[in-house]
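S.K.: Below is the structure I would like to discuss, written out as structure tokens.
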Amino acid sequence: MASTAETDVMIAADGVPLKTKLRRAERMRKIWALGLIAPLFIFIVGGFIIPIISLMTLSVEDPEIPDALPRTAEAFSEWDGKDYPSTESMIIFAEELAAASRGEFGRVSKRLNYEISGFKSMLKATARAADDLALLPADEILQGYIDIDKDWEDQAYWRAVKNASSPYSDYYVLWALDLKRDGESREIVSVDEGRAVYVEVLIRTIEISVAVTILCFIMGLPVAYLLATLPTAKSNLLLILVLLPFWTSLLVRTTSWLVLLQNEGLVNDLGIWIGLWNEPLELVRNRLGVYIAMTHILLPFMVLPMFSVMKSINPWHMRAAASLGAPGWKAFLKVYMPQCMPGVGAGTLLVFILSLGYYITPALVGGPDDQMVSYWIVQNMGRNANWGLGAALSLILLGITMVMFFIYNRFVGIDNLKVN
Amino acid sequence: MKGILSVSAAALSGVALIGLTAVSPAQAEDTITAASWGGAYSASQREAYYKPAAKEIDMTVLEDEWGGTLSEIRVQVETGDYKWTVIDAETGTGLAACDEGLVAELDWDMLGGTDRFLPGSTSDCTVGTIAWATIFAYDGEHEFPGGAVPTTLADFYDLEKFPGKRGLYANSPVVNIEFALIADGVAPADVYTYLNENEDEALDRAFAKMDSIKDEVVWWDSGAMAPQLLSDGEVVMTTAWNGRIYNAIVNEGQSFVIVWDGQVIDYDIWMIPMGHPDYDLGMKFIEYASRPEVMARQSQYISYGPTTYAASELINPDILQHLPTAPANLTNAVWSDTLWWADRTEELGERFQVWRSQ
């Protein structure tokens, strides 16, 4: 028995069982492999995943009142929204307004002004008198508020405070879809017409992206075909012509289009000089300019994947089709194109998804009604300092991109992608 | 072509700026950093304040540029890692920064009280340094039908008499609203009374007036772009900041004409970030820059006016005529009501941006 057990366990030269040694070697290799991918992993987590998640949470946070006026937030959330809040909570509100620092008050009044415009100045007047207000007896407190500003008689203002009191809300996400919750019934309704802009912007974003993708496809297909079928020496030269703009800064190319297309730009000067038209045409600072510049900038992303796929298609297939009697166009559609699909798919997906997030090109060559959703993200994150709305718009843009990706995966299949 | 030239000129001046900043004369004990707007404006401050400060108050002033948004100050205050000791900002930004507790209250005893400054140029945390105006200008070489010459804001809005594109400021409704109301017949002196008493009606009227030229508007979003649009022939008239047009006339030889009608005057102010360890040095600099004889120097380098009464009296009449505060230019001027705007910048800004994109 003892001898069989000994033969079961293979022993390495240094006396350690072989199994253990193997396991140790395996573990070392795993640690080594993990060590190799660690920098990339840390970079992705720290550079993408954490910032994206924290940005996304911004879109559902509503921290101003809970942070600056915590007791008010608590007292108001106990109120059912009917009639007026309890007199105690009105007193707490006055006390906290009086005690709030300049910064806290600034953030609260900005947040409440989103609910009802004009709230800011009313709150300022109230805060100035808040010390005295907080000392009023319970039965005079409401009248005290009304004496400062008669709008306090309107329950809508009190409800606005309550509605902004919860630390998390769908407020900004709804806003990014031109929706809001009704102050009283809390049902989802459309915002006033003068404020509705984001649905239109989202539709416009998709519209421009689709148009640019189609334009890139129409223009890119012949180029890619030519590159793939010419003899290598010539096609390499042409390839450089495709790659050169690809390597040039986006900003330089966009600004160049502005110089070329403006009223006294080269294109207009040439057209008038030749006599094609008499008045300068409006080629830029409108949708046309956006299409021209974006198509030009994104074209290489369409040409290169199509080219690399076409390059691998055996030319004999077309000749075989011709020899079997297919006319040229039919052979192209039935034999050549199906084999190109992975390249076409990769090109269209790349161009479409890149277009969705375009900012600087439309901002420079487009008019105010050609701006895409990124422009409004920048506006809200920067100028308006409305991070919640900016984050909500980002969330929706990310959502659209992912939906497109899944639709695409469903019909074309990610496995069929061939980028290079 | 001109665009490319002006870009490279800007790059060159940036290089020059770095050079000047590095070679500070006589290493003084006290060193501060002043944030401002770059270009011709920073150059005027360098000549008027920063260089003389080394000799006169034994202080070295380093320069930086900033974009004018509160978030740039907020980062410094929240981390305690201060880049700037004093900041040159627009009045509205200063008021907002003060409201949010991002800048400190000034030592008004040191500055000799608020009475010696022009009305509206001071607040708890900010003190005016220049008065500047948004005006409108046209290219004198452009021929309008029948030789007509624009002289009023109503002409700016008159597309029949003066056909062609118009340049308007894209980033904010401030001044755009005032201009539209004046062009629609509201007297400059009554603009804010009207906006205060009949706010909704006045705003609807202003937006309707802007609607009437909307299709002909090219929007500018940086100070340098307005004169650029004029010289490129992209627009026949544009609103602009007066110093930028003056600079294009004097330094670039452009044939632009400034129309002083209904111009809206505003201030740039100095402020000190909240909690800055060198608050005292910042105050020392602001006090120096507010001395009448020091302040009066700046208008030799750019056509912006001083903010103290005493400095105004020291200015050479040749220069005075180009300043927004010159008596001859003030007949139909509007003083921007920054307090009125402070309460409305955000909501009207939103309405303006939505309107623009519709």
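S.K.: Just to be sure I understand the filter: pairs with C-beta atoms under 8 Å, separated by 6 or more residues or on different chains, first member in the range B:93-105 and within 10 Å of chain A (Cβ to nearest Cβ), second member aromatic (Phe, Trp, Tyr). Which pairs pass?
M.R.: B:99/A:105
S.K.: Here is a follow-up. Looking only at the range A:194-204, count how many residues are touching a Ser or Thr at 6+ places or on another chain (Cβ under 8 Å) and more than 9 Å from chain B (Cβ to nearest Cβ).
M.R.: Qualifying residue count for the region: 0.
S.K.: Considering A:123, A:36, which residue is over 25 Å from residue A:151 (Cβ atoms) and either of a type outside the set (Phe, Trp, Tyr) or surrounded by 11 or more Cβ atoms within 10 Å (Cβ to Cβ) (or both)?
M.R.: None of the other options fit; the residue is A:36.
S.K.: When you scan the range A:334-342, do you find a residue that is touching a residue at least 60 places away in the same chain (Cβ under 8 Å) and within 14 Å of chain B (Cβ to nearest Cβ), even just one?
M.R.: no
S.K.: So which residues in the range A:163-203 are of a type outside the set (Phe, Trp, Tyr) and touching a Gly at 6+ places or on another chain (Cβ under 6 Å)?
M.R.: Of everything in the range A:163-203, nothing turns out to be of a type outside the set (Phe, Trp, Tyr) and touching a Gly at 6+ places or on another chain (Cβ under 6 Å).
S.K.: Provide a single number: the residues in the range A:353-404 that are assigned to a helix (DSSP H, G or I), within 14 Å of chain B (Cβ to nearest Cβ) and farther than 24 Å from residue B:68 by Cβ.
M.R.: Residues flagged as assigned to a helix (DSSP H, G or I), within 14 Å of chain B (Cβ to nearest Cβ) and farther than 24 Å from residue B:68 by Cβ within the range A:353-404 amount to 4.
S.K.: Inside the range B:64-171, counting only helices (runs of 4 or more DSSP H) that do not spill past its ends, which hold 3 or more residues that are more than 23 Å from residue B:246 (Cβ to Cβ) and within 20 Å of the chain's Cα centre (by Cα)?
M.R.: B:70-79, B:91-99
S.K.: Given the options B:269, B:258, B:245, name the one that is farther than 30 Å from residue B:123 by Cα and within 17 Å of the chain's Cα centre (by Cα).
M.R.: Result of the check over B:269, B:258, B:245: B:258.
S.K.: Of everything in the range A:152-169, what is surrounded by 16 or more Cβ atoms within 10 Å (Cβ to Cβ) and charged (D, E, K, R)? Give them in sequence order.
M.R.: Matches in the range A:152-169: A:159, A:162.
S.K.: Same structure, new question: Give the residues of the range B:140-154 that are touching a strand residue (DSSP E or B) at 6+ places or on another chain (Cβ under 7 Å) and surrounded by fewer than 19 Cβ atoms within 10 Å (Cβ to Cβ), sorted by residue number.
M.R.: Answer for the range B:140-154, where residues must be touching a strand residue (DSSP E or B) at 6+ places or on another chain (Cβ under 7 Å) and surrounded by fewer than 19 Cβ atoms within 10 Å (Cβ to Cβ): B:140, B:151, B:152.
S.K.: Here's another thing I want to ask about it. Based on this model, can you work out whether residue B:215 counts as charged (D, E, K, R), surrounded by fewer than 17 Cβ atoms within 10 Å (Cβ to Cβ) and under 26 Å from residue B:185 (Cα atoms)?
M.R.: yes
S.K.: Scan the range A:248-295 residue by residue and report those that are within 11 Å of chain B (Cβ to nearest Cβ), surrounded by 20 or more Cβ atoms within 10 Å (Cβ to Cβ) and among the small types (Gly, Ala, Ser).
M.R.: Correct list: A:265 only.
S.K.: Tell me which of these residue A:377 doesn't satisfy, since it passes every other one: (1) in contact (Cβ under 8 Å) with a residue 40 or more places away in the chain; (2) of a type outside the set (S, T, N, Q); (3) surrounded by 15 or more Cβ atoms within 10 Å (Cβ to Cβ).
M.R.: Checking residue A:377 against (1) in contact (Cβ under 8 Å) with a residue 40 or more places away in the chain; (2) of a type outside the set (S, T, N, Q); (3) surrounded by 15 or more Cβ atoms within 10 Å (Cβ to Cβ), the one that fails is (1).
S.K.: Now for a different question. Look through B:275, B:349 and report the one residue that is touching a Pro at 6+ places or on another chain (Cβ under 7 Å) and within 14 Å of another protein chain (Cβ to nearest Cβ).
M.R.: On inspection, the qualifying residue turns out to be B:349.
S.K.: Given (1) closer than 19 Å to residue B:325 by Cα; (2) at pLDDT below 95; (3) surrounded by 16 or more Cβ atoms within 10 Å (Cβ to Cβ), where does residue B:136 come up short, assuming only one miss?
M.R.: (2)
S.K.: Would you check which residues across the range A:123-182 are among the polar types (S, T, N, Q), assigned to a helix (DSSP H, G or I) and within 23 Å of residue A:100 (Cα to Cα) and list them?
M.R.: If the condition is that a residue be among the polar types (S, T, N, Q), assigned to a helix (DSSP H, G or I) and within 23 Å of residue A:100 (Cα to Cα), then A:126, A:143, A:163 are the ones that fit.
S.K.: With the checklist (1) surrounded by fewer than 23 Cβ atoms within 10 Å (Cβ to Cβ); (2) of a type outside the set (Phe, Trp, Tyr); (3) in the same structural domain as residue B:85 (by TED's automatic domain parsing) in hand, flag the one item residue B:209 doesn't pass.
M.R.: Every condition holds for residue B:209 apart from (3).
S.K.: Can you name every residue in the range B:235-267 that is acidic (Asp, Glu) and either in a helix (DSSP H, G or I) or buried (at least 23 other Cβ atoms within 10 Å of the Cβ) (or both)?
M.R.: Selection gives B:252, B:266.
S.K.: Quick check on residue A:117: is it within 14 Å of chain B (Cβ to nearest Cβ), part of a loop (DSSP other than H, G, I, E, B) and out of contact with any His (no Cβ under 6 Å at 6 or more places or on another chain)?
M.R.: yes
S.K.: Just give me the residues in the range B:145-173 being hydrophobic (A, V, I, L, M, F, W, C) and more than 19 Å from residue B:260 (Cβ to Cβ), in sequence order.
M.R.: B:159, B:170
S.K.: Can we say residue A:76 is in a helix (DSSP H, G or I) and within 30 Å of residue A:152 (Cβ to Cβ)?
M.R.: yes
S.K.: Scan the helices (runs of 4 or more DSSP H) fully inside the range B:280-358 and keep the ones with 2 or more residues being at pLDDT 90 or above.
M.R.: B:292-295, B:309-313, B:345-357
S.K.: Restricting attention to the range B:156-194, which residues are acidic (Asp, Glu), out of contact with any Gly (no Cβ under 9 Å at 6 or more places or on another chain) and either surrounded by fewer than 15 Cβ atoms within 10 Å (Cβ to Cβ) or touching a residue at least 12 places away in the same chain (Cβ under 8 Å) (or both)?
M.R.: B:160, B:184, B:190
The values are calculated or read from the model by the stated rules, or taken from the named source; none is laboratory data. Everything numeric in this text was worked out from a predicted model, so none of it was measured. Quick reminder, even Gly has a Cβ in these numbers, built from the backbone with ideal geometry, and neighbours come from all protein chains shown.
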